[in-house]
Amino acid sequence: MAGDGNLSHRMINYCSRHQINTPSITLLEYSSVQTQLAQASLDAEGVSIVNGDVLYY
Ligand SMILES: C[S@@+](CC[C@H](N)C(=O)[O-])C[C@H]1O[C@@H](n2cnc3c(N)ncnc32)[C@H](O)[C@@H]1O
């Protein structure tokens, strides 16, 4: 339910700005279009991007 990953992106930037170790993140999104947008904007290590339905994941 992560959409285009904008919240994950902000969290990664926040951790970077405040010198906090970024936790590993799994981003789950149903829409393939939104998932592709997330893949394009989030290339950080430790981010796993899954295209799927939260009800069946
Ligand atoms: C309102 S958007 C919120 C996106 C993001 N969390 C944000 O705050 O910007 C809700 C997202 O949930 C996704 N979604 C809806 N039902 C879902 C489901 N069953 N499994 C995974 N994602 C789902 C939609 O495709 C949509 O991208």
- Can you give me the number of residues within segment 1-31 that are in contact with a Leu (Cβ under 7 Å, 6 or more places away or on another chain), in a loop (DSSP other than H, G, I, E, B) and surrounded by 15 or more Cβ atoms within 10 Å (Cβ to Cβ)? 3
- Message: Being near the ligand (Cβ under 10 Å from one of its atoms) and either aliphatic (A, V, I, L, M) or in contact with a His (Cβ under 6 Å, 6 or more places away or on another chain) (or both): is that true of residue 27 here?
- Response: yes
- Task: Would you please list the contacts, defined by Cβ atoms under 8 Å and residues six or more apart or on different chains, that run from a residue in segment 1-21 that is closer than 16 Å to residue 45 by Cα to a residue that is β-branched (Val, Ile, Thr) and away from the ligand (no atom under 16 Å from the Cβ)?
- Result: 11/22; 12/22; 14/20; 15/22; 16/22
- Note on the structure: Of the residues in segment 32-43, those that are within 9 Å of the ligand (Cβ to nearest atom) and either of a type in the set (A, V, I, L, M, F, W, C) or exposed (fewer than 10 other Cβ atoms within 10 Å of the Cβ) (or both) come to 33
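Coordinate-derived values only; no laboratory data. Just so we're clear, the structure is a prediction, and the values are computed from it rather than from any experiment. When we count neighbours, we look across all protein chains shown, and the Cβ atoms used for this are built from the backbone with ideal geometry, even at glycine.
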